[in-house]
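Right, one structure below, let's go through it.
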Amino acid sequence: MEKINDFLKYVPIFTELDQNTLDEIAKIGIRKTFKKDSIILFEHETGSALFIIAQGKVKISRVSDDGKEVILSILSDSDFFGEMSILDGQNRSANVTAIEDTDMFLIQRPDFINLLLTKPEVSIALLQELTTRLRSADMKIKSLSLKDAEGKVATVLLQLADDLGRIKQGKVEIEKLPYQHDLANMAGTSRETISRTLHNFAKRGLVELEGAKIRILNYEKFKEMFS
Ligand code: CMP
């Protein structure tokens, strides 16, 4: 119980809550672990729970008519998913797959709805996060429809920097970049284009590559160039 409480206070939609309420939430949820590569949610199935990531990473994806996977987002510690179908009553909007061993906290729909009704601070924080996701989706639509390959790769890097990056003295470091075929699925381009563009960015001094790690050297400038 102690460990669950510790984790819950760092979840952005719960940060305004007092310890008593966090203790209540700890009691209504259950912990569940998913092994790397296991599918947590299937698109089109009925939704009954909200998922919060205690530790680990998942990818949110859909499969296009021609069988190509499109990665919408990568979520990590303290992020939530599964809210869409429990809010609007429709089926799951996407597949969710663990890309690392992932430790999850699940809250059933009636308990989550009750929390939203009784704790407006949770509702507001949820709306803020959904707004951020809508902005990110808008940026992606613009990128896919208007930008050249370089712009598409840069947009994905900016999205990952937002989701997973750590800012330090104007630089943003992404510790473990997804595999290049996953990056290609996020950017709507090929693996070869990802590889070529990342090396080109490195040559121009915009990023530093070090194994699976990438550093955007001047984050503000990079954002200005590609937003
Ligand atoms: P739900 O539709 O219940 O199940 C799939 C979940 O994926 C969805 O709720 C959201 O939590 C999440 N999801 C869907 N689209 C996006 C997106 N564009 N960005 C981040 N998360 C998303």
Quick calc: nm separation of the 7 Å Cα→Cβ label points for Ser76 and Lys36 -> 1.5
Descending Cα extents along the principal axes, the range 9-120, whole Å
49, 28, 19
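With a sphere of radius 12 Å drawn around the Cβ of Gly151, what net charge do the other residues whose Cβ falls strictly inside it have (Lys, Arg +1; Asp, Glu -1)?
Once all neighbours under 12 Å are counted, the net charge is +2.
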Two-site FRET efficiency, Ala212 against Gln128, from Cβ-Cβ distance with R₀ of 35 Å, rounded to 0.05
0.70
Please report Rg (one decimal) and Dmax (integer) in Å for the Cα set of the range 85-201.
17.5, 52
Can you tell me the convex hull volume per residue for the range 59-152, based on C-alpha atoms, in Å³ to the nearest whole number?
135
Leu144 and Ser64 label points (each 7 Å along its Cα→Cβ direction) are spaced in nm at 0.8
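Mean shadow of the chain, computed from the convex hull of its alpha carbons, in nm²?
Spelled out: convex hull of the Cα atoms, projected over all directions, averaged, 13.1 nm².
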Kindly write out, for the range 165-174 in residue order, the coupling ³J(HN,Hα) from the Karplus curve 6.51 cos²θ - 1.76 cosθ + 1.60 (θ = phi - 60°), rounded to whole Hz, with x marking Gly and Pro.
x, 10, 8, 8, 6, x, 9, 10, 10, 10
Given a Förster radius of 25 Å and the C-beta distance between Leu87 and Gln19 as r, what FRET efficiency does 1/(1 + (r/R0)^6) yield to the nearest 0.05?
0.40
Cross-link partners among lysines for Lys27, C-alpha distance below 16 Å, same-chain residues fewer than 8 apart left out?
Lys3, Lys9
All-pairs alpha carbon distance profile, the range 147-226, 10 Å steps from 0, percent
20, 61, 19, 0
³J(HN,Hα) across the range 128-137 via Karplus (A = 6.51, B = -1.76, C = 1.60, θ = phi - 60°), whole Hz, x for Gly/Pro?
4, 5, 5, 5, 4, 5, 5, 4, 5, 5
Taking placed amide H atoms and a strict 5 Å upper bound, the residues 5 or more places from Gly47 or on another chain that come that close are Arg92
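Quick note: the coordinates plus some simple rules give every number you see, no bench work behind them. Being a predicted model, the structure only gives us computed values, none of them experimental. With ideal geometry, Cβ positions are generated from the backbone for all residues, glycine too; neighbour counts draw on all protein chains shown.
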